[in-house]
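Report on the structure given below.
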Amino acid sequence: MIVFDEVAKRYAGGYTALAGVSCEIRHGELVVLSGHSGAGKSTLLKLIAVIERPSAGRVLINGEDVSRLPRSAIPYLRRNLGLVLQESRLLFDRNVFDNVMLPLVITGHPPRDAGRRVAAALERVGLEGRGKELPAGLSGGEQQRVAIARAIVNRPSILIADEPTAHLDPAYAADIADLFRSFNEAGVTVLVTTHDGALFAASRPRRLVLAGGLLIEDTRPDGRPAQE
Ligand code: ADP
Ligand code: ADP
C-alpha cells in the first residue's frame, strides 16, 4: 500500500509542484495518473522512489514513512520498485541483455540465476531472443520494452512508469498499455502517468488527475470517488 498524507513539494526557487496531496493506493491496483504538463505527475512518482523528498507531509509504502528514510536504506527500498522514468535511459553501448541485467548486477544477484531472470523478463515483454542486439537498432517501442524488462527483472511488487508511451505511435502505445495491464493482472501494483486518457480505458483503471499540484480527481474503476 502507498499512502500520500497531505504531501507538499516545493522545489528550490520556491515553485510548488504538489500541495496537500492525500490518497491511498492499495496493493494490486492499476492507477493511471494524468494532468497537463507541469501538473506534478513526475514529482509524485519521484516521491515514491525517494528521488525527491516532500517539503511537508508523509509518503508511506507498506506502512513505512519513506520520506524520512536514511539515504543508506534507499537501494533496499528500490529493489521492490520497478521504475520506468523519463530519465531512465538505456545504455547504448551495451546490448539488450546487459541493459536488462544491470539491476541484478547492482544488487549482486548470482550470475546463473540472473541470466535466467533476464531471459524471462525479455520473454515477458515480447523480446525473447533479442538480447544480443544493440538498443540503437531497435524501434522506439522496442526500446521502451527493454526499459520495462529492466524495471521488472527484480520482480518488484510495485511498477511505476512516467509517460511510457509518450513518443510512440498509437499502435505501439496500445501494446505498451496492454503490457502494464498484464503485469497488473499478475498481481503487481501499477502506477502510470499518461497524457492520453483513452489509452488505458479498456483496463478500467483507477484515475488520479493532478492540476497545478492539486489532486482534483480520484475515481475508482466503477466511476465512483475513491475517497472513503
Ligand atoms: P509533470 O510531470 O506533471 O509534467 P513535474 O512534476 O515534472 O510535472 O513538475 C511540476 C512542476 O515542478 C513544474 O512546474 C516543474 O517545472 C517544477 N519542477 C519539476 N522538477 C523541478 C526541479 N528539479 N527543480 C525546480 N522545479 C522543478
Ligand atoms: P520465472 O519464474 O522463470 O522468472 P515468470 O514467467 O514467472 O518466469 O516471470 C517472467 C518474468 O516476468 C519475471 O522474471 C519477471 O521479470 C516478470 N514477472 C512475472 N510476474 C511478476 C510479478 N508478479 N512481479 C514482477 N515481475 C513479474
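The values are calculated or read from the model by the stated rules, or taken from the named source; none is laboratory data. Computed from a prediction, not measured in an experiment: that's the story for all the values here. No Cβ is skipped: glycine too gets one built from the backbone with ideal geometry, and neighbour counts run over all protein chains shown. Each accessible area value is taken on the protein alone, full model and side chains, heavy atoms only, with ligands, DNA and RNA left out. Shrake-Rupley method; radii C 1.70, N 1.55, O 1.52, S 1.80 Å.
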Find the residue count for the range 171-195, including only residues that are within 20 Å of Leu83 (Cα to Cα) and open to solvent by 60 Å² or more (accessible area, probe 1.4 Å).
7
Which listed residue is within 20 Å of Met1 (Cβ to Cβ) and of a type in the set (Lys, Arg), from Arg79, Arg124
Arg79
Taking the range 3-27, which residues are buried (at least 22 other Cβ atoms within 10 Å of the Cβ) and small (Gly, Ala, Ser)?
Ala17
What single numbered condition from (1) out of contact with any Lys or Arg (no Cβ under 8 Å at 6 or more places or on another chain); (2) among the β-branched types (Val, Ile, Thr); (3) within 14 Å of ligand 2 (Cβ to nearest atom) fails to hold for Val125?
(1)
Residues of the range 39-86 classified as in a loop (DSSP other than H, G, I, E, B), in contact with a strand residue (DSSP E or B) (Cβ under 9 Å, 6 or more places away or on another chain), open to solvent by 40 Å² or more (accessible area, probe 1.4 Å) and not aliphatic (A, V, I, L, M), total
7
So in the range 1-46, with the set limited to residues that are within 17 Å of the chain's Cα centre (by Cα) and of a type in the set (Ser, Thr, Tyr), which one is nearest to Asp178 (Cα to Cα)?
Ser34
In the range 38-66, residue nearest to Thr16 (Cα to Cα) [restricted to those that are away from ligand 1 (no atom under 16 Å from the Cβ) and out of contact with any His (no Cβ under 9 Å at 6 or more places or on another chain)]
Arg58
Filtering the range 127-142 down to residues that are open to solvent by 50 Å² or more (accessible area, probe 1.4 Å) and in contact (Cβ under 8 Å) with a residue 40 or more places away in the chain yields Leu134, Ala136
Restrict the check to the range 28-35 and report whether at least one residue is modelled with pLDDT under 95, open to solvent by 50 Å² or more (accessible area, probe 1.4 Å) and within 24 Å of Pro205 (Cβ to Cβ).
no
For the range 151-165, give me each residue that is open to solvent by 30 Å² or more (accessible area, probe 1.4 Å) and without any contact (Cβ under 8 Å) to a residue 60 or more places away in the chain.
Arg155
Find the residue count for the range 202-219, including only residues that are among the basic types (Lys, Arg) and farther than 16 Å from Val3 by Cα.
1
Take Ala121 and tell me if it is in a helix (DSSP H, G or I), within 20 Å of the chain's Cα centre (by Cα) and under 21 Å from Arg78 (Cβ atoms).
yes
